[in-house]
Amino acid sequence: MSKGFSRRNFLKTASATAGVAIATTYSPFSYAKNERVRVASIGTGGQGGFHLYDGLTRAQNIEVVAVCDVYEFHLEAGYQHAGGGDVKKYMDYRKMLEEVEFDAAVIATPLHTHHDISWDCLDAGKWVFCEKTLCYSIEDARDLVQKAHDAERFLQVGHQRRYNPTYNKGLQMAREGVIGRINHIDAQWHRNNQWRRPLPTRPLTEREKEYIKDFERHYNWRLYRESSGGLMTELATHALDVANWFLDARPTKVVGYGGLDYWRDGREVFDNVNVVFEYDITPESDAYVAIEPRNQGQKDNPDLNAPYKVRVVYSSITANAQKGASETIQGDQGAFKMTELGSRFYPEATSTVEWLDDAHKDDSQDNAIVITTGGTLFLNNQAIDRSKPITVNTDK
């Protein structure tokens, strides 16, 4: 692959697009014959449609040349989102691969189809953006990664927080020591709805029946074991990716519980999960932070800054929406509460980081005295009330 970057504006325009934001110094399109990246969208339902109307069609150097979906209503919607006109429409992506010339595929189909569609696109020489979770099984994911290496094509996974400027800013601040040593992450995705989509009343057409054998299981694929891992693959993967990202590590142990206790309506996946992941943080991790002794016992311990563990607690429920969807990255100097709609920094009462303004620094000195006298309850609650938004300078 060429190391040149013949389209200097590509990353600038595509980075705002969930579709093809290839974060690399390599140019995947250095071979292209024109200045516009030709993209085909496979799967044009909810997420695929969002990529089209809120991303791909807004990027000046991207041209959507084809859309594909086995459900004609979604196919027509995708065609309109893509701009209509000369955009090609297909129900069979394999036929589209044979007949349409394009550079990259954006895949937003049900989980259990990701492996085969991504494989065929890579095999046809296409660059691939595939929605998370990458594959139904670990074996399929490893197989697909190897295929991407063999095909010398990028295979990018749609973990949406990776493309959120606030999350990237939070990571930068964490690396700069703003929250100190990360020692715990609390994350959840809580909602109070059934996660089941009501079926359209119109019957399937004869063409649709060629591809869709059971409309309920096709339309509500997230609820059935043959096509979904449920809350863990569809929701928990977002939070776990954030944890892996901020800790620069992978979990070494996990324990969890789950059950089908509320939405007993024929679905097969759990409607609630509670999981704890354990990470080993070593000096090789970018998240590793050596700490200064805070009491005499720490000062006398030669292993104070030996490798340590961080635990990530995750829950997903479907019958109460309190706490919503967020990740709280907790360090000994402060915490970030990260959400897609905005994030905040909560300094600890004893924080000494330079990022704090003068008023907060004065509080930290006073609070150190309160702690020594046992008055910690006020300080615990103060950490909730005292926060600053994480902002991104968009002028650069």
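The values are calculated or read from the model by the stated rules, or taken from the named source; none is laboratory data. Given the structure is predicted, the values throughout are model-derived calculations rather than measurements. Backbone-built Cβ (ideal geometry, glycine too); neighbour counts: all protein chains shown. For the accessible areas, the whole protein counts, side chains as well, though only heavy atoms, and no ligand, DNA or RNA atoms are used. Shrake-Rupley method; radii C 1.70, N 1.55, O 1.52, S 1.80 Å.
Residue 296 to residue 323: FRET efficiency via 1/(1 + (r/R0)^6), r the Cβ-Cβ distance, R0 45 Å, to the nearest 0.05?
0.75
Heads up, I need the accessible area for residue 353: 1.4 angstrom probe, whole protein in place, Å², nearest 10.
20
Tell me, in nm to one decimal, what length is gained between residue 50 and residue 340 on full extension, where the rule is 0.36 nm per residue of separation less the Cα-Cα distance?
102.9 nm
Can you compute the FRET efficiency between residue 257 and residue 197 using 1/(1 + (r/R0)^6), with r the Cβ-Cβ distance and R0 = 30 Å? Round to the nearest 0.05.
That gives a FRET efficiency of 0.65.
Along the Cα→Cβ direction, 7 angstrom out, place labels at residue 149 and residue 212. What is the inter-label distance in nm?
Label at residue 149, label at residue 212, 3.9 nm between them.
Which net charge results when you count Lys and Arg as +1 and Asp and Glu as -1 among the other residues whose beta-carbon is under 12 Å from that of residue 183?
After counting each charged neighbour, the total is 0.
Please list, ordered by chain and number, the residues whose modelled amide H lies under 5 Å from the amide H of residue 109; skip anything fewer than 5 residues away on the same chain.
131
Taking a ≥ b ≥ c as the square roots of the Cα gyration tensor eigenvalues, with a/c under 1.5 meaning rounded and otherwise prolate when a/b beats b/c, else oblate, which class fits the stretch 46-113?
rounded
Tell me, how many Å apart are the Cα centres for the stretch 256-288 and for the stretch 296-334?
15
Could you work out the local net charge near residue 212, counting Lys and Arg as +1, Asp and Glu as -1, over the other residues with Cβ closer than 14 Å to its Cβ?
For residues surrounding residue 212, the net value is -3.
Roughly what would the spin-label model give for residue 285 and residue 168, points 7 Å off Cα along C-beta, in nm?
Here the answer is 2.4 nm between the modelled labels.
Which whole-Hz couplings ³J(HN,Hα) result when phi for each residue of the stretch 273-280 is put into the Karplus expression 6.51 cos²θ - 1.76 cosθ + 1.60, θ = phi - 60°, listed in order with x for Gly and Pro?
3J(HN,Hα) across the stretch 273-280, in whole Hz: 9, 9, 9, 10, 10, 10, 10, 9.
Hey, can you rank 194-205, 341-352, 121-132 by average C-beta count inside 10 Å, highest first?
Result, highest mean Cβ count within 10 Å first: 121-132, 341-352, 194-205.
If a/c stays under 1.5 just call it rounded; otherwise compare a/b with b/c (prolate if a/b is bigger, oblate if not). Do that for the stretch 75-214, with a ≥ b ≥ c from the square roots of the Cα gyration tensor eigenvalues.
Because a/c hits 1.5 or more and a/b exceeds b/c, the stretch 75-214 counts as prolate.
Would you work out what percent of the accessible area of the stretch 46-139, with all protein chains in place, is carbon or sulfur (probe 1.4 Å)?
On the stretch 46-139, the fraction of accessible area on carbon and sulfur atoms equals 46 percent.
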